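Novice: Could you have a look at this structure, given as structure tokens, before my questions?
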Amino acid sequence: MSDFTKMKQLTINASSRKNGGSAHSGRLRLEGKVPAVAYGKTREPSKLSVDVRELRVLLKAIGNNAPVVQLVEDNSKPRTSIIQEVQRHAIKDTYIHVDFRQVADDEVVVLDIPVHPSGKATGVKNDGGTLETVAHKVSVRCLPKDIPDFIEVDVTELAVGDLIHIKELPALEGVGYLDHAEQPVFTVIM
């Protein structure tokens, strides 16, 4: 019924910065950089900057998948990081700030993973129904090496009125679902 895709290895480079504050951040943005911060359980927060073009390409590559990347600070060893937040200017649609949460290889993480339908539901094909996504993401717990990009769910057997619940999603090695077992994910409605 379902499948998943293992996480792609996407990388972004970051440079350390000493100064903070809005004036310094504004100067960075004029230089084509976006202020950022990296933090985690095993490290002190550090101020960074990333190239705006590189960030734009990275976010496009992530698309509707898990926001997990390899963060390379000042040419150091890549570290697995989750993009916690990307702040954008409401009017100009430019990037204001990015938060990276770094995770250790042995650290259990909790994050929301997108769910993608696969196939054409019987109720849509034969009865003119509409496939409705009730939950676009599901909450999971796993090690960084087990984070899926997304969870693909075969919806071909869904008739009008049928539901696919959390409990019917695939049992993925090393991945535990945290949402209520009866939470619907997909349904076909008229």
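Coordinate-derived values only; no laboratory data. No experiment lies behind these values; they were computed from the predicted model shown. Quick reminder, even Gly has a Cβ in these numbers, built from the backbone with ideal geometry, and neighbours come from all protein chains shown.
Novice: Give the shape of segment 125-190 as rounded, prolate or oblate, defined through the alpha-carbon gyration tensor: a ≥ b ≥ c are the square roots of its eigenvalues, a/c under 1.5 means rounded, and otherwise the shape is prolate if a/b is larger than b/c and oblate if not.
Specialist: Since a/c reaches 1.5 and a/b is larger than b/c, the shape of segment 125-190 is classed as prolate.
Novice: Place a point 7 Å from the Cα of residue 13 along the Cα-to-Cβ direction; which residues of segment 46-66 have their backbone N under 20 Å from it?
Specialist: Counting backbone N atoms under 20 Å from the label point, the list is 47-62.
Novice: Angle check, please: helix 52-62 long axis (alpha carbons) against the longest principal axis of the chain (alpha carbons), in degrees 0 to 90, nearest 10.
Specialist: Between the helix axis and the principal axis of the chain, the angle is about 20 degrees.
Novice: Shifting gears a bit: Which one, 102, 66, 187, is farthest towards the positive end of the dipole of the chain when Lys and Arg carry +1 and Asp and Glu -1 on their Cβ?
Specialist: 102
Novice: In debye, nearest 20: dipole of segment 109-189 around its Cα centre with unit charges on the Cβ of K, R (+) and D, E (-)?
Specialist: 120
Novice: Below 8 Å between Cα atoms, with a sequence gap of 6+, how large is the relative contact order for segment 36-190 in percent?
Specialist: 21
Novice: Next up: With a/c under 1.5 counting as rounded, go ahead and sort segment 8-102 into rounded, prolate or oblate using the C-alpha gyration tensor (a ≥ b ≥ c being the square roots of the eigenvalues; past the cut-off, prolate if a/b is larger than b/c, else oblate).
Specialist: Oblate, since a/c reaches 1.5 and b/c is not below a/b.
Novice: Okay, moving on. Relative contact order for segment 1-106: what percent, with Cα pairs under 8 Å and sequence separation of 6 or more?
Specialist: It rounds to 30 percent for segment 1-106.
Novice: I'd like the per residue volume of the convex hull spanned by the Cα atoms of segment 97-156, given in cubic angstrom.
Specialist: 102
Novice: Place a +1 charge on the Cβ of each Lys and Arg in the chain and a -1 charge on the Cβ of each Asp and Glu, then give the dipole magnitude about the Cα centre in debye, rounded to the nearest 20.
Specialist: Computed about the Cα centre, the dipole is about 1220 debye.
Novice: For segment 1-124, compute the number of Lys pairs whose alpha carbons are separated by less than 29 Å, excluding pairs fewer than 8 positions apart on the same chain.
Specialist: Here the count comes out as 29.
Novice: Okay, moving on. Mean residue ellipticity at 222 nm from the helices of the chain, using -39,500 (n - 2.57) per DSSP H segment of n ≥ 4 over the full residue count, to the nearest 500 deg cm²/dmol?
Specialist: Roughly -3500 deg cm²/dmol at 222 nm, from the helical runs in the chain.
Novice: OK, next. Given +1 on the Cβ of Lys and Arg, -1 on the Cβ of Asp and Glu, and no further charges, what dipole in debye does segment 8-102 carry about its Cα centre, rounded to the nearest 20?
Specialist: Its charge dipole is roughly 20 debye.
Novice: Pick the calculated semi-axes √(5λ) of the Cα gyration tensor in Å for this structure from (i) 61, 17, 14; (ii) 37, 19, 12; (iii) 32, 22, 17?
Specialist: Among (i) 61, 17, 14; (ii) 37, 19, 12; (iii) 32, 22, 17, the one derived from this structure is (ii).
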